[in-house]
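Engineer: Once you've had a glance at the structure underneath, I'll fire off some questions.
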Amino acid sequence: MLPLIAGNWKMNTDRASAVALAKGVAGGAALHKQVELLVCPPAVYLSSVAEALAGSGVALGAQNMYHEANGAFTGELSAAMLKDVGCQYVILGHSERRHILGETDAAVNKKTLASLAAGLVPIVCVGELLAEREAGQTAAVIRRQFEGSLAGISAEEIEKIVIAYEPVWAIGTGKVATPEQAEEVHADLRKLLIERYNERFAATVRILYGGSVKASNAGELLAQPNINGALVGGASLKAEEFLGIAAAG
Ligand code: PEP
């Protein structure tokens, strides 16, 4: 499987800088064929970024969606709308959505099922808070989020899903998990996949690490056997740094 290096631009950039950043990533993509590159700009810039990426092989994703197909859901976007503007991926259950906006496992689960039904690849995020890690609850939290967010996903569907492990204490803090800390949780996630499906299906699922990844620490993280890519926030806002992470893949 090709490692996936995904950039989550969050609520950053304006249209001009989003297009410039996309062009910067697209311009370097040909040198990094050993990974799949993905950028996830703010939803209002998806179309402009899609144009800037055309023909580059860099994939486009959204940062969130709603599970309903259409109707009276003011301010929300459906999976079909995201597909319509060129998205192949959608990030779901990011810790900022879970902890700032109150998104539950049940909501993430509905979104995951709807994204798959529409032909989008969901990147389903899980991760523990610092207090949970310190209380020795990491494995239990990951299991709960895995079971809740991925309830009712068939073996065929699991092959189309990407999981991202993002310890909340490492997101945007500069405090990266050690490769051993990250690998321990990734190996637990792989075991959960094997328990629920089987070895063959579990082996097809890419499990990304996210949390203060940059070009200088990406190599040792991506060298771990169960780390199949990175979900990158801050460091994805500079094309050169993002491509530096791709080079480590
Ligand atoms: C993220 O937004 O998913 C993330 C991991 O952010 P950062 O790389 O800035 O820690």
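Engineer: So Gln63 fits all but one of (1) open to solvent by 20 Å² or more (accessible area, probe 1.4 Å); (2) in contact with a His (Cβ under 9 Å, 6 or more places away or on another chain); (3) away from the ligand (no atom under 14 Å from the Cβ); what number is the exception?
Structural biologist: (3)
Engineer: Condition first: closer than 21 Å to Glu166 by Cβ and in contact with a strand residue (DSSP E or B) (Cβ under 9 Å, 6 or more places away or on another chain). Now tell me which residues in the stretch 1-24 satisfy that.
Structural biologist: Correct list: Met1, Leu2, Pro3, Leu4, Ile5, Ala6, Gly7, Asn8, Trp9, Lys10.
Engineer: Determine if the stretch 88-107 includes at least one residue that is open to solvent by 70 Å² or more (accessible area, probe 1.4 Å), hydroxyl-bearing (Ser, Thr, Tyr) and without any contact (Cβ under 8 Å) to a residue 24 or more places away in the chain.
Structural biologist: No, there is no match, as no residue in the stretch 88-107 is open to solvent by 70 Å² or more (accessible area, probe 1.4 Å), hydroxyl-bearing (Ser, Thr, Tyr) and without any contact (Cβ under 8 Å) to a residue 24 or more places away in the chain.
Engineer: I'm trying to understand the selection: among the residues of the stretch 150-168, which are open to solvent by 30 Å² or more (accessible area, probe 1.4 Å), outside any loop (DSSP other than H, G, I, E, B) and in contact (Cβ under 8 Å) with a residue 40 or more places away in the chain?
Structural biologist: Glu157, Val168
Engineer: Being within 18 Å of the chain's Cα centre (by Cα), of a type in the set (Ser, Thr, Tyr) and farther than 18 Å from Arg143 by Cα is the filter here; which residues of the stretch 180-232 pass it?
Structural biologist: Within the stretch 180-232, Thr204, Ser212 meet the criteria.
Engineer: Within the stretch 189-216, restricting attention to residues that are in contact with an Asp or Glu (Cβ under 9 Å, 6 or more places away or on another chain), within 13 Å of the ligand (Cβ to nearest atom) and among the aliphatic types (A, V, I, L, M), which residue is most open to solvent (accessible area, probe 1.4 Å)?
Structural biologist: Ala215
Engineer: Identify, from the list Ser17, Ser56, the residue that is open to solvent by less than 60 Å² (accessible area, probe 1.4 Å), outside any loop (DSSP other than H, G, I, E, B) and not hydrophobic (A, V, I, L, M, F, W, C). Spell out the reasoning first.
Structural biologist: Working: Ser56 fails: outside any loop (DSSP other than H, G, I, E, B).
When all the criteria are applied, what remains is Ser17.
Engineer: Shifting gears a bit: Quick check on my filter: what residues within the stretch 25-43 are within 23 Å of Asp14 (Cα to Cα) and either free of Cβ contacts under 8 Å to residues at least 12 places away in the same chain or buried (at least 16 other Cβ atoms within 10 Å of the Cβ) (or both)? Walk me through how you get there before you give the answer.
Structural biologist: Looking only at the stretch 25-43, we keep the residues that are within 23 Å of Asp14 (Cα to Cα), and these are 25-29, 37-43.
Answer for the stretch 25-43, where residues must be within 23 Å of Asp14 (Cα to Cα) and either free of Cβ contacts under 8 Å to residues at least 12 places away in the same chain or buried (at least 16 other Cβ atoms within 10 Å of the Cβ) (or both): Val25, Ala26, Gly28, Ala29, Leu37, Leu38, Val39, Cys40, Pro41, Pro42, Ala43.
Engineer: For the stretch 228-235, does any single residue satisfy the condition of being surrounded by fewer than 20 Cβ atoms within 10 Å (Cβ to Cβ), part of a loop (DSSP other than H, G, I, E, B) and away from the ligand (no atom under 11 Å from the Cβ)?
Structural biologist: Taking every residue of the stretch 228-235 in turn, none turns out to be surrounded by fewer than 20 Cβ atoms within 10 Å (Cβ to Cβ), part of a loop (DSSP other than H, G, I, E, B) and away from the ligand (no atom under 11 Å from the Cβ).
Engineer: Can you give me the ranges of the helices (runs of 4 or more DSSP H) entirely in the stretch 79-149 with at least 1 residues that are within 16 Å of the ligand (Cβ to nearest atom)?
Structural biologist: Those helices (runs of 4 or more DSSP H) span 95-99, 105-117, 130-134, 138-149.
The values are calculated or read from the model by the stated rules, or taken from the named source; none is laboratory data. In this text, all values refer to a predicted model and were calculated from it rather than measured experimentally. All Cβ positions, even for glycine, are placed from backbone atoms using ideal geometry, and neighbour counts span all protein chains on display. What goes into the accessible areas is simple: the full protein's heavy atoms, side chains included, and nothing from ligands, DNA or RNA. Shrake-Rupley method; radii C 1.70, N 1.55, O 1.52, S 1.80 Å.
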